[in-house]
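The values are calculated or read from the model by the stated rules, or taken from the named source; none is laboratory data. Values in this document were obtained by computation on a predicted structure and should not be read as measured data. Positions of Cβ are backbone-derived with ideal geometry, glycine not excepted, and every protein chain shown enters the neighbour counts.
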Amino acid sequence: MIRPQLPLNALRAFEASARHLSFTRAAVELCVTQAAVSHQVKSLEAQLNVTLFKRLPRGLMLTSEGETLLPVLRESFDRIAETLERLEGGHYREVLTVGVVGTFAVGWLLPRLADFQAKHPFIDLRLSTNNNRVDVAAEGLDCAIRFGAGAWHGIGGAADRGAAVGIVRARDRPATGIARRFVAADVVALLPHG
């Protein structure tokens, strides 16, 4: 199916109905009538030539086709909502996901986050703590702060001068968004020192 023909209203009606297992509750959420939601879902079923719900006397039950479609729509709508939220106020907030050792996060990083956010209001910094070996690409991290001299297996790294702390990133992961504009060592420079 090509994009201009995507039935967005019908997909929204299906997703809300599937979450609530009710056309009535979906209609309340979408500020339309129950008949409109039911019509949209029937239209989607006809377009796809599948049955997405079993209609029961007291609600709905997803068919296997409906169970296949629901998580894809949920993830897609969540991603759209996150992007729109980051665009609010006329400024795009970029997400920077950094993995850190728990003790480093609590003892050094967290006390400095307010200053970082004041200096970089359009960066949505997300921290993930893990004390074990980090798999930057598999964990969806842009980079990680780790202790050591920079000899991290399977990943690129930049050790901070004069310290046993370094930034690591996946060698084979293409940089996107904010990670494209900052090399790994610059992430530490973004954070206030002292």
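General observations
- One residue from VAL41, VAL32, VAL50 being in a loop (DSSP other than H, G, I, E, B) and either within 19 Å of THR68 (Cβ to Cβ) or touching a residue at least 60 places away in the same chain (Cβ under 8 Å) (or both): VAL50
- Counted residues, the range 1-29 - those being free of Cβ contacts under 8 Å to residues at least 40 places away in the same chain, assigned to a helix (DSSP H, G or I) and either within 14 Å of GLY66 (Cα to Cα) or hydroxyl-bearing (Ser, Thr, Tyr) (or both): 5
- Inclusion of GLY59 among residues that are under 30 Å from LEU11 (Cβ atoms) and loosely packed, with under 12 Cβ neighbours inside 10 Å is not warranted.
- Answer residue from the range 1-28, given it is over 15 Å from ARG74 (Cα atoms) and charged (D, E, K, R) and is surrounded by the fewest Cβ atoms within 10 Å (Cβ to Cβ) among those: ARG3
- Members of the range 110-133 that are in contact with a helix residue (DSSP H, G or I) (Cβ under 9 Å, 6 or more places away or on another chain), of a type in the set (A, V, I, L, M, F, W, C) and surrounded by 14 or more Cβ atoms within 10 Å (Cβ to Cβ): PHE116, ILE123, LEU125, LEU127
- Any hit, the range 64-73, residues being at negative phi, touching a strand residue (DSSP E or B) at 6+ places or on another chain (Cβ under 8 Å) and part of a strand (DSSP E or B): no
- Annotation for the range 84-104: no member residue is at pLDDT 90 or above and surrounded by 13 or more Cβ atoms within 10 Å (Cβ to Cβ).
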